[in-house]
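Undergrad: The structure follows.
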Protein chains: 2
Amino acid sequence: MAVHLLTAPRLHSSSSSPAPLPRRRATASAPLAHPLLLLHSRLRLATTAAVSRPVPRARRAMSAIRSSLIDPDGGALVDLVAPADRRASLRAEAEALPRVGLAPIDVEWAHVLAEGWASPLRGFMREHEYLQCIHFNSLRLPAGGVVNMSLPIVLAIGDREKDNIGDTPDVALAGPDGQLLAILRRVEIYPHNKEERIARTWGTTAPGLPYVDEAITPAGNWLIGGDLEVLEPIKYNDGLDHYRLSPQQLRDEFDKRGADAVFAFQLRNPVHNGHALLMNDTRRRLLEMGFKNPILLLHPLGGFTKADDVPLPVRMEQHSKVLEDGVLDPETTIVSIFPSPMHYAGPTEVQWHAKARINAGANFYIVGRDPAGMGHPTEKRDLYNPDHGKKVLSMAPGLEKLNILPFKVAAYDTVAKKMAFFEPSRSQDFLFISGTKMRTFAKTGENPPDGFMCPGGWKVLVDYYNSLQTEEAAIAAAIV
Amino acid sequence: MAVHLLTAPRLHSSSSSPAPLPRRRATASAPLAHPLLLLHSRLRLATTAAVSRPVPRARRAMSAIRSSLIDPDGGALVDLVAPADRRASLRAEAEALPRVGLAPIDVEWAHVLAEGWASPLRGFMREHEYLQCIHFNSLRLPAGGVVNMSLPIVLAIGDREKDNIGDTPDVALAGPDGQLLAILRRVEIYPHNKEERIARTWGTTAPGLPYVDEAITPAGNWLIGGDLEVLEPIKYNDGLDHYRLSPQQLRDEFDKRGADAVFAFQLRNPVHNGHALLMNDTRRRLLEMGFKNPILLLHPLGGFTKADDVPLPVRMEQHSKVLEDGVLDPETTIVSIFPSPMHYAGPTEVQWHAKARINAGANFYIVGRDPAGMGHPTEKRDLYNPDHGKKVLSMAPGLEKLNILPFKVAAYDTVAKKMAFFEPSRSQDFLFISGTKMRTFAKTGENPPDGFMCPGGWKVLVDYYNSLQTEEAAIAAAIV
């Protein structure tokens with residue numbers, strides 16, 4: 001497969017001079033009851049505190065800049081990467097411990113945990129965390145209150161590994177190629193009831209769920225939880241590591257740019273002009289609410305995706321073109337990779353997507369139609385009711401402090417010849433172009449209507465599908 | 001089938017003179033930090049407030065007696081039965097409305113809702129309640145805070161009924177024999193995704209779940225939610241209605257007896273001496289904690305159960321004998337029927353069992369091994385990890401104010417020749433008699449070990465299984 005490696009600058013405006021907008025003290029920010037809020041009845045602005053909360057004393061002491069960013073879940077961002085001066089001794093310790101081998105998806109989860117995307121989780125879930133997750137989609141904090149946690153972040157092992165561990169409290173975790181990655185401490189081993197996990201996470205046990213096929217069915221019958229200590233930052237060496245900003249790095253960047261609002265857009269697809277319209281419109285709305293410098297976190301999912309999704313390197317190149325072509329403003333946009341694997345678990349997963357962005361500092365979250373949904377694997381219908389994602393998100397425990405911005409449906413306006421917000425009163429003028437249809441266009445070389453996607457971005461997709469066909473033809477020729 | 005109708009007195013001590021213990025003002029009740037609490041680390045005593053909360057002014061105005069009972073969920077007990085003077089006009093109104101037919105289990109749920117067991121629910125769930133239930137096992141209150149709600153209390157209708165209702169806001173509900181029972185107001189109709197409902201409620205979609213087979217598979221593809229107004233109290237005319245005390249009637253009875261603690265025991269099986277030991281021991285522990293008059297709510301489930309469970313009338317007769325034989329003290333025990341149907345949904349359902357008892361005034365809840373569990377319908381194992389019920393209960397949102405009392409395992413002590421708490425140090429002396437084994441004993445006429453169950457109670461079971469066999473023989477003879 002042809003992989004288009006990016007050589008784009010680290011952040012999409014790092015080549016520009018310091019942010020032209022003056023840095024602001026966030027506590028001077030937006031009025032709450034702007035009339036626009038009344039127009040967006042589903043927009044949940046918890047309190048101004050969520051937006052302009054004063055920084056706790058401890059954090060203020062560490063930094064001269066006052067941050068307006070939302071507090072991470074549990075109050076402090078978890079960082080499980082060992083400090084440099086401990087790494088040698090940790091590695092020596094790990095060498096002597098019983099060893100558990102990680103599959104590639106397990107490594108992605110170790111990465112997610114290490115950087116605090118799942119704060120306040122400090123490692124793979126122990127049983128009490130797992131049970132709260134699958135039954136309540138949330139975790140109680142020892143000090144009271146709850147945080148959202150909808151997806152089980154668990155590590156499966158087999159009988160042989162369990163026997164090998166015995167009563168040892170700490171185990172070493174090794175990557176797929178055998179290199180030591182981490183130590184898991186004070187481990188707890190408990191049964192991996194795959195059927196129950198699948199049913200409660202996906203609301204179905206139908207065969208053919210991509211994550212299940214990839215990561216659960218072949219996994220062991222035990223789960224091992226514990227506190228994670230990662231030997232050094234996890235890298236993929238795929239030419240995209242510079243895009244993988246940790247929640248702390250993102251927070252630093254938002255602070256550096258003087259963001260007084262951060263709105264996150266989760267995606268695992270190329271960006272078409274409908275998406276762009278939505279993101280630009282969101283920025284406009286935030287400015288109208290009184291924010292002075294809303295920053296967009298364009299945050300493509302970087303972990304496991306299903307086989308027919310567009311691969312990450314291609315998507316990253318496509319996103320670069322969208323910014324190069326000026327469809328999104330590089331000054332007010334940060335493109336970064338969200339390292340999580342994809343469950344395709346609809347209303348359950350969208351909570352995870354939102355929760356993780358709280359930890360990265362986003363206080364506004366854009367939610368689309370049927371987020372994290374897909375077709376039912378065995379029936380001719382959507383796996384989830386397309387409206388349930390945003391409904392569940394608006395009600396989810398632990399997400400009250402996040403402002404949920406429901407997606408307005410954009411479609412191709414055949415009169416205006418551009419992507420526009422759908423107007424039911426002249427529905428006949430609009431053309432809906434699904435992801436499947438878009439891929440079909442790109443595969444067959446047919447051009448989508450003018451104004452569907454910027455030309456640079458579209459070319460990336462056409463080139464990708466061409467390369468796939470060339471590759472397929474080469475394989476077919478070799479077989480013949 | 002021979003049905004043993006009870007002619008027992010309405011409450012198991014109503015024949016006795018007024019409660020011998022003086023009525024107490026609850027605010028003078030138990031000290032919190034009794035050392036025994038340290039011995040029972042899993043016992044969750046939220047605050048003294050949960051036990052001795054002062055009665056809100058409005059309620060105090062209505063009653064001269066100060067109650068020590070736990071507040072119902074949402075603050076006030078829901079009562080959806082129309083006052084007597086409104087019934088005629090409601091009935092006339094209902095006659096003219098589109099009609100939805102209820103299956104027997106739907107009637108049981110209407111009963112549950114009408115009496116406020118599911119407070120603050122005011123009717124069959126609308127979609128926002130249903131979604132919170134299946135995803136979070138809890139409902140947000142408009143005023144903030146959450147209450148537990150783990151089982152969907154929903155009403156299914158078919159396409160024809162949906163078409164018939166059209167845009168009408170209110171519908172009439174009719175029982176299985178056609179009689180009008182209630183009006184459902186401001187209805188909302190939404191899709192009934194049976195697969196998702198089953199998967200998220202049971203953690204499996206394996207065929208053969210009793211409630212699914214009985215109440216979901218044959219039901220319609222739409223759910224209809226709304227506010228319920230019941231025309232008059234729902235009765236079953238099975239000779240057991242006098243046992244069906246509403247939460248308000250139970251609260252009144254606890255008040256009348258001057259209870260300063262109420263501990264509830266959910267069951268759907270005959271009471272053996274191990275259960276009795278447990279209940280008596282709980283009372284002893286509560287007395288040691290400083291409570292002066294703990295009252296046991298022996299609260300058999302009265303709605304739908306699976307075919308091989310002992311039928312309700314037989315169980316009620318058995319429970320009567322247990323009290324007659326003095327195994328439980330009638331002075332400090334109230335036997336009443338909990339009208340809910342049974343889901344056999346383990347950790348999900350046990351929350352419902354506990355939550356409903358909060359509404360009836362219980363502040364202590366005894367939880368057994370594998371509560372609401374059963375065998376997996378298609379695999380040779382328990383459907384749920386037997387420990388998950390009590391773990392989930394101890395973590396469930398909205399149940400914080402309820403004191404969870406985990407079951408100590410009782411078994412037959414072959415040395416002491418009685419049911420006793422299991423002692424792992426001399427495990428060889430103990431005999432575990434499962435429900436299945438107990439039924440086998442009763443069916444085959446074999447006596448269980450002396451001291452397993454009081455003779456009067458045992459005779460009820462033997463008679464029941466004899467009657468079944470006689471009936472089966474008669475049917476077989478008739479077929480031949």
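The values are calculated or read from the model by the stated rules, or taken from the named source; none is laboratory data. Nothing here was measured: the structure is a model prediction, and the numbers come from that model. For neighbour counting, all protein chains shown are included, and Cβ atoms are generated from backbone atoms with ideal geometry for every residue, glycine included. When the accessible area is computed, the model is the full protein with side chains, heavy atoms only, and any ligands, DNA or RNA have been set aside. Shrake-Rupley method; radii C 1.70, N 1.55, O 1.52, S 1.80 Å.
Undergrad: With the label 7 angstrom out along Cα to Cβ, how close does residue A:324 come to the same site in each of the other copies, in nm, nearest first?
TA: So the label point of residue A:324 gives 9.0 nm to the other copies.
Undergrad: Give the nm distances, rounded to one decimal, from residue A:256 to the matching residue in every other copy, measuring between label points 7 Å along Cα toward the beta carbon; shortest first.
TA: 7.5
Undergrad: Taking the DSSP beta bridges in chain A as the whole, what percent of them are antiparallel, to the nearest 5? Before the final figure, lay out each step's value.
TA: On the way: 24 of 46 bridges.
Around 50 percent of the beta bridges assigned by DSSP in chain A are antiparallel ones.
Undergrad: Order of A:389-402, A:79-92, A:109-122 by packing, highest average Cβ count within 10 Å first? Numbers along the way, then the final one.
TA: On the way: A:389-402: 22.6, A:79-92: 13.4, A:109-122: 24.4.
Packing proxy ranking, top to bottom: A:109-122, A:389-402, A:79-92.
Undergrad: To one decimal in nm, how far is residue B:467 from the same spot in the other copies, if labels go 7 Å from Cα toward Cβ? Please give the shortest first.
TA: For residue B:467, the other copies' label points sit at 7.8 nm, shortest first.
Undergrad: Which helices pass in chain A if a helix is a full DSSP H run, must span at least 27 angstrom along its long axis by Cα, and must have mean Kyte-Doolittle hydropathy not below 0.0? Please report the intermediate quantities before stating the final value.
TA: Details: long enough: A:455-479 (36 Å, 0.21).
Result, helices passing both filters: A:455-479.
Undergrad: If you take all C-alpha pairs in segment A:337-480, what percent of them are over 21 Å apart? Don't jump to the answer; show the numbers that get you there.
TA: Values: 6256 of 10296 pairs.
Summing the P(r) tail past 21 Å for segment A:337-480 gives 61 percent.
Undergrad: Quick one: what Rg and Dmax do you get for chain A from the alpha carbons, in Å?
TA: That works out to 22.5, 70 Å for Rg and Dmax.
Undergrad: Per 10 Å bin, what percent of the C-alpha pairs of segment B:292-380 does each bin hold, from zero upward?
TA: Per 10 Å bin, starting at 0, the Cα pair percentages come out as 14, 43, 35, 7, 1.
Undergrad: Additional query: Rounded to the nearest 10 Å², what accessible area does residue B:471 have for a 1.4 Å probe in the complete protein model?
TA: Probe radius 1.4 Å; accessible area of residue B:471 about 60 Å².
Undergrad: Rg to Rh ratio, segment A:84-230, alpha-carbon atoms and Kirkwood radius?
TA: Details: Rg = 15.2 Å, Rh = 15.8 Å.
We get a ratio of 0.96 for segment A:84-230.
Undergrad: Please express the shape of segment B:172-215 as an equivalent ellipsoid: the semi-axes are the square roots of 5 times the eigenvalues of the C-alpha gyration tensor, given largest first in whole angstrom. Let's see the in-between values first.
TA: Numbers: eigenvalues 153, 50, 9 Å².
Each semi-axis is √(5λ); the values are 28, 16, 7 Å.
Undergrad: Taking only the Cα atoms of segment A:110-152, how large is their convex hull per residue, in Å³?
TA: 66
Undergrad: In addition: Compute the Rg to Rh ratio over segment B:268-335 from the alpha carbon atoms, using the Kirkwood formula for Rh, and round to two decimal places. Show your work: numbers first, answer last.
TA: On the way: Rg = 13.1 Å, Rh = 12.9 Å.
In segment B:268-335, Rg relative to Rh is 1.02.
Undergrad: So, one more: When every alpha-carbon pair in segment A:144-249 is counted, what percent end up more than 15 Å apart? Please report the intermediate quantities before stating the final value.
TA: Details: 4048 of 5565 pairs.
Result for the distance tail: 73 percent.
Undergrad: Quick one: which residues, 5 or more positions from residue A:338 or on another chain, have an amide H under 5 Å from its amide H? H modelled 1.01 Å from N in the peptide plane, none for Pro or chain starts.
TA: Answer set, sorted by chain and number: A:301, A:302.
Undergrad: In vacuo Debye scattering of segment A:241-473, one point per C-alpha: log10 I(q)/I(0) at q = 0.11, 0.13, 0.14 Å⁻¹?
TA: -0.56, -0.80, -0.95
Undergrad: How big is D, in µm² s⁻¹, for segment A:193-252 by Stokes-Einstein at 37 °C and 0.692 mPa s if Rh is the Kirkwood radius over C-alpha pairs?
TA: Details: Rh = 15.0 Å.
Diffusion coefficient, whole number: 218 µm²/s.
Undergrad: Looking only at other chains, what is the average number of their beta-carbon atoms within 10 angstrom of each beta-carbon in B:387-397? Show your work: numbers first, answer last.
TA: Working: counts 3, 7, 0, 0, 5, 6, 0, 2, 9, 5, 7.
Mean shielding by partner chains, rounded to a whole number: 4.
Undergrad: Separate question: Above 58 Å lies some portion of the pair distances; for the protein assembly as shown, what is it as a whole percent of all C-alpha pairs? The partial results should precede the final answer.
TA: Values: 75198 of 460320 pairs.
For the protein assembly as shown, the share of Cα pairs beyond 58 Å comes to 16 percent.
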